[in-house]
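The values are calculated or read from the model by the stated rules, or taken from the named source; none is laboratory data. Just so we're clear, the structure is a prediction, and the values are computed from it rather than from any experiment. Note: ideal-geometry Cβ built from the backbone for every residue, glycine included; neighbour counts use all protein chains shown. To get the accessible areas, we keep the full protein, side chains included, count just its heavy atoms, and leave off ligands, DNA and RNA. Shrake-Rupley method; radii C 1.70, N 1.55, O 1.52, S 1.80 Å.
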Amino acid sequence: MAPADQPRLIVVADAEALARSAAERVMARISAGPGRIAICLTGGSSPKQLYQLLGTETYRTRIPWPRVHWFIGDERFVPDSDPLNNMNVARAAFLDRDAPPSNIHPIPTTTGGPDESAAAYARELQSFYGADRLDPSKPLFDLVLMGAGPDGHTASLFPGYPALEDTDRWVVGVPKANVAPFVPRVTLTLPVLASCREMLFEIEGAGKRPVLTRLLNNENLPAARARSNGETVWLVDKAALPEDFRGGR
Ligand code: 6PG
């Protein structure tokens, strides 16, 4: 059995199975609590199939929309209508159709710069949470979705960037990304992302094999340092697994 501090590795056949498995985990987290549920979404291409699935009849009719709140773990500092905008992708795929507008919590990108935007989102998170300090016994999020970039980044926490070490602020501005798209970013910090019942990584496709190999080799990368205070799951498909991978985590 994997040690408790290691992520749980779940391997599925392919991209479709991965999206379905992620959707079922979203539903399980929603069903686990009777009250308000907070889900922190992610960007990039990895969650797109999941978002499409959550917009299908099978899932949208099962989601208790009035009690589910949707946040985003990082944002590209582009207008909210831009196709690069992470929340825009989730809105178009499934949120706009069913979620009450007040339950959608985008990172603002229309005024000031990334630092102002980060400060505004920190205030929004703190007001939702009801405190400006995180209590380990009271997770901010029920579920945090994550992806892993080619350089091992997750959210917009890039290797060697100061944002990665920030343990005071909830949200920070990142003036320049380490990978494309090279637009400024706004990202939640590691302790805030960790404040959840479950952190779920989606890692899919042969293109992710190099970074997954590094993560499985315990390299000190942001995506390996991002851990839930509860459960951390790496949901991967077979194509992303290193060829010689024998399991054993
Ligand atoms: C973003 C992200 C980022 C993403 C990884 C994986 O805004 O780009 O939130 O952390 O999850 O880069 O991206 P892909 O899914 O596109 O590989």
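Evaluate the following for ARG209: is it within 13 Å of the ligand (Cβ to nearest atom), open to solvent by 10 Å² or more (accessible area, probe 1.4 Å), under 25 Å from GLN49 (Cβ atoms) and assigned to a helix (DSSP H, G or I)?
Considered against the rule, which asks whether it is within 13 Å of the ligand (Cβ to nearest atom), open to solvent by 10 Å² or more (accessible area, probe 1.4 Å), under 25 Å from GLN49 (Cβ atoms) and assigned to a helix (DSSP H, G or I), ARG209 comes out as yes.
Pick out, from segment 3-63, the helices (runs of 4 or more DSSP H) lying fully within it that include 3 or more residues that are over 25 Å from LEU212 (Cα atoms).
Counting at least 3 such residues, we get 15-32, 57-60.
Kindly indicate the residue of segment 27-42 that is touching a residue at least 60 places away in the same chain (Cβ under 8 Å) and away from the ligand (no atom under 16 Å from the Cβ) and also surrounded by the most Cβ atoms within 10 Å (Cβ to Cβ) among those meeting that condition. Write out each step before concluding.
Pass one, segment 27-42, residues touching a residue at least 60 places away in the same chain (Cβ under 8 Å): 29-30, 32-33, 37-42.
If we keep only those that are away from the ligand (no atom under 16 Å from the Cβ) too, we end up with 29-30, 32-33, 37-38.
On the way: ARG29: 20, ILE30: 17, ALA32: 12, GLY33: 12, ILE37: 22, ALA38: 24.
Ranking the qualifying residues of segment 27-42, first place goes to ALA38.
Of the numbered conditions (1) closer than 24 Å to GLU231 by Cα; (2) open to solvent by less than 80 Å² (accessible area, probe 1.4 Å); (3) modelled with pLDDT of 95 or more; (4) within 16 Å of the ligand (Cβ to nearest atom), ARG67 satisfies every one except a single condition; which is it?
(4)
Can you tell me how many residues within segment 158-198 are open to solvent by less than 10 Å² (accessible area, probe 1.4 Å), hydroxyl-bearing (Ser, Thr, Tyr) and within 16 Å of the ligand (Cβ to nearest atom)?
The qualifying residues number 2.
Would you check which residues across segment 228-249 are open to solvent by 70 Å² or more (accessible area, probe 1.4 Å) and either in contact (Cβ under 8 Å) with a residue 60 or more places away in the chain or assigned to a helix (DSSP H, G or I) (or both) and list them?
ASN229, LYS238
How many residues are polar (S, T, N, Q) and either over 17 Å from the mean Cα position of the chain (by Cα) or open to solvent by 40 Å² or more (accessible area, probe 1.4 Å) (or both) when one looks only at segment 70-100?
Going through segment 70-100, the residues polar (S, T, N, Q) turn out to be 81, 85-86, 88.
Now narrow it down to the ones that are either over 17 Å from the mean Cα position of the chain (by Cα) or open to solvent by 40 Å² or more (accessible area, probe 1.4 Å) (or both): 81.
Count: 1.
Among the residues of segment 150-157, is there at least one that is outside any loop (DSSP other than H, G, I, E, B) and buried (at least 23 other Cβ atoms within 10 Å of the Cβ)?
Yes, there is a match, as at least one residue in segment 150-157 is outside any loop (DSSP other than H, G, I, E, B) and buried (at least 23 other Cβ atoms within 10 Å of the Cβ).
Please state which of the following conditions ALA90 fails to meet, knowing it meets all the rest: (1) in contact (Cβ under 8 Å) with a residue 24 or more places away in the chain; (2) assigned to a loop (DSSP other than H, G, I, E, B); (3) small (Gly, Ala, Ser).
All conditions pass for ALA90, except number (2).
So is ALA155 within 15 Å of the ligand (Cβ to nearest atom), aliphatic (A, V, I, L, M), at positive phi and touching a strand residue (DSSP E or B) at 6+ places or on another chain (Cβ under 6 Å) or not?
When the stated conditions are applied, ALA155 passes them.
Looking at (1) open to solvent by less than 40 Å² (accessible area, probe 1.4 Å); (2) farther than 15 Å from VAL233 by Cβ; (3) within 12 Å of the ligand (Cβ to nearest atom); (4) of a type in the set (Gly, Ala, Ser), which is the only condition SER45 fails?
The single condition SER45 does not satisfy is (1).
What's the number of the only condition in (1) over 17 Å from ILE72 (Cβ atoms); (2) free of Cβ contacts under 8 Å to residues at least 40 places away in the same chain; (3) touching a helix residue (DSSP H, G or I) at 6+ places or on another chain (Cβ under 8 Å) that PRO162 fails to meet?
All conditions pass for PRO162, except number (3).
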